[in-house]
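Below is one structure, written out as structure tokens, with a few remarks after it.
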Amino acid sequence: MGQCRVGCPAGSGPFRPTDREAPNRIGRTVGGSLLHAAGMQRSVAGSALERGGLRYRSSLRRAARAPRHRDEALTHPSQPLRVGLVIERFRRDGGGAESVTWRTAHALRDGGDEVSVLARESDDAPGIALHRLRAPRTWQPLRVLRFSRAATDCARRLSLDVVYSLARTAEQDVYRAGAGSHADYLEARHPGLSGALRRVSPRHAALLALERRVFRDPDQFVICNSHAVRRQIVARYAVPEERIAVLYNGVDLETFQPRPEERSRVRDEVDPSGPADAPVWLFAANDYARKGLDTALDALARAQHGRSRLWVAGGHGDPPLDSAWRRRALELGIGERVRFLGPRRDLGRVFAAADGLILPTRYDAFANVCLEAASSGLPVLTSTANGAAELFQGIGPAPLPATDASAFAAQLDALASADARRAIGAQMRSMAERHGWARHVAELRALLRRRVSERRSAATFSVRRPAFRPGL
């Protein structure tokens, strides 16, 4: 495994340093005035943030230096791409962006491409070049900025056709906005004064600065995992149409498939005291508050069908936090009908025993668990704040406002019938089959290849391009 260090010397790779002596505006803003607003100016961490400023231009400006024969060969789909994937944690059993990166890397490798992964932590992955980046593990603002800097340094030293980042980093050729717009997330999750105060915290200030840097860079291409996120980014940052596209996440159609034969066995393991014929709704998430567990519990309490049960999978294994949610279920009078399963690595099996998924999330660019449940043949109840809801239009209940517990209760009652759930579940599976990983990776590869070709074609007609000065 390669070791890439922060501040490695300038090399001949695709990234070049610029304005090394000038203070970077991101580092200056986040490490200076914003930390001052939080009462932390000139702290040790603030100084480190300043030193961790992001000073490098995009590899797009190196396009003209690529060998001529390589440019021509890349117009043919059979020519492998040299792809760099950036992610903080490259883990087999990771969630969210980590899972997407792991599957993307292996699918690109299996398709014949040369894949390098730039990560802070990683599992072994035969056939994939792993480059471990050195960045702090603690204090997120410093970690994010230093990781971004380290990724830029490392990518500059490698010979890559395209750098595709699935992490919060400032410099890449293609950026996946997997978490959506952080500014819109803050408005949705913390409206009013609460959100305003959070914007000056070092953590959110760093993420917002990186976000502005990426979306305002005319040379970076942005991939969104839903049209909702695309609309938010275009509206807030005026990103041109030609610089942003939607590519829905994919799903493992084999891991997540209907398994009616396992239903009884898994129910006996997970909820042995539950009635065998009671409808079971699954809530699967780690961030209970953002994902709307309060609405799910309230909906179960208000539903007329008093035999439905709720399984809560996920969380961080925090007993005090779980106890607080258990107390809430008891206060609502549904304690006996709610079961907390804790973190699970076998959601495919859990889906086999459930009758549907409920996820009233307050903000989600694209909740993968919804597509996984659909692929397992389950109806999905979710909110209008979930980008994944776009896939379910015309199939089953419509998405609802995240806090409308009464409306979710009505949907639970409407699907109290097993026949109704099975009919919708079959349609969900058919929809999911159009979004397998093979299709996702094929579309991604085509997009990356097109991006490289467009970039190099543009470089052919440009003798000299002006130096890039990042603005906030």
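The values are calculated or read from the model by the stated rules, or taken from the named source; none is laboratory data. Nothing here was measured: the structure is a model prediction, and the numbers come from that model. Cβ coordinates were reconstructed from backbone atoms using ideal geometry, including for glycine residues, and neighbour counts include every protein chain displayed.
Please pick out the residue among 245, 276 that is assigned to a loop (DSSP other than H, G, I, E, B), surrounded by fewer than 20 Cβ atoms within 10 Å (Cβ to Cβ) and out of contact with any Asp or Glu (no Cβ under 8 Å at 6 or more places or on another chain). Quick ask: steps written out before the conclusion?
Working: 245 fails: assigned to a loop (DSSP other than H, G, I, E, B).
After applying the criteria, what remains is 276.
I'd like the residue in region 332-345 that is of a type outside the set (A, V, I, L, M) and part of a loop (DSSP other than H, G, I, E, B) and, out of all such residues, is modelled with the highest pLDDT. Steps first, answer last, please.
Going through region 332-345, the residues of a type outside the set (A, V, I, L, M) turn out to be 333, 335-337, 339-340, 342-345.
Retained after the next criterion (residues that are part of a loop (DSSP other than H, G, I, E, B)): 333, 343-345.
Working: 333: 97, 343: 90, 344: 91, 345: 88.
Step by step, filter region 332-345, then rank; the result is 333.
So, of the residues in region 293-307 that are of a type in the set (A, V, I, L, M, F, W, C) and either touching a Lys or Arg at 6+ places or on another chain (Cβ under 8 Å) or part of a loop (DSSP other than H, G, I, E, B) (or both), which turns out to be surrounded by the most Cβ atoms within 10 Å (Cβ to Cβ)? Spell out how you get there, then give the answer.
Step one: list which residues in region 293-307 are of a type in the set (A, V, I, L, M, F, W, C), which gives 293, 296-297, 299-301, 303.
Those left that are additionally either touching a Lys or Arg at 6+ places or on another chain (Cβ under 8 Å) or part of a loop (DSSP other than H, G, I, E, B) (or both): 297, 300, 303.
Working: 297: 23, 300: 26, 303: 23.
Among them, the one singled out is 300.
Look at residue 430 and say whether it is surrounded by fewer than 20 Cβ atoms within 10 Å (Cβ to Cβ) and without any contact (Cβ under 8 Å) to a residue 12 or more places away in the chain. Step through it out loud before you land on a result.
Numbers: surrounded by fewer than 20 Cβ atoms within 10 Å (Cβ to Cβ): yes; without any contact (Cβ under 8 Å) to a residue 12 or more places away in the chain: yes.
Criteria met by residue 430.
Go over the candidates 290, 263 one by one and state the one that is part of a helix (DSSP H, G or I) and under 26 Å from residue 419 (Cβ atoms).
Values: 290 fails: under 26 Å from residue 419 (Cβ atoms).
Just one listed residue meets the conditions, 263.
Whether any residue in region 94-106 is assigned to a helix (DSSP H, G or I), surrounded by fewer than 18 Cβ atoms within 10 Å (Cβ to Cβ), modelled with pLDDT under 95 and not hydroxyl-bearing (Ser, Thr, Tyr) is what I want to check.
Kept after step one, since they are assigned to a helix (DSSP H, G or I), are these residues of region 94-106: 97-106.
Filter once more, keeping what is surrounded by fewer than 18 Cβ atoms within 10 Å (Cβ to Cβ): 99.
Add one more test, that the residue is modelled with pLDDT under 95, and what stays is 99.
So of that shortlist, the ones also not hydroxyl-bearing (Ser, Thr, Tyr) come out as none.
Looking for residues that are assigned to a helix (DSSP H, G or I), surrounded by fewer than 18 Cβ atoms within 10 Å (Cβ to Cβ), modelled with pLDDT under 95 and not hydroxyl-bearing (Ser, Thr, Tyr), one finds none in region 94-106, hence no.
Take residue 326 and tell me if it is of a type in the set (D, E, K, R) and either farther than 20 Å from residue 406 by Cβ or buried (at least 21 other Cβ atoms within 10 Å of the Cβ) (or both). Walk me through how you get there before you give the answer.
Values: of a type in the set (D, E, K, R): yes; either farther than 20 Å from residue 406 by Cβ or buried (at least 21 other Cβ atoms within 10 Å of the Cβ) (or both): yes.
The answer is yes for residue 326.
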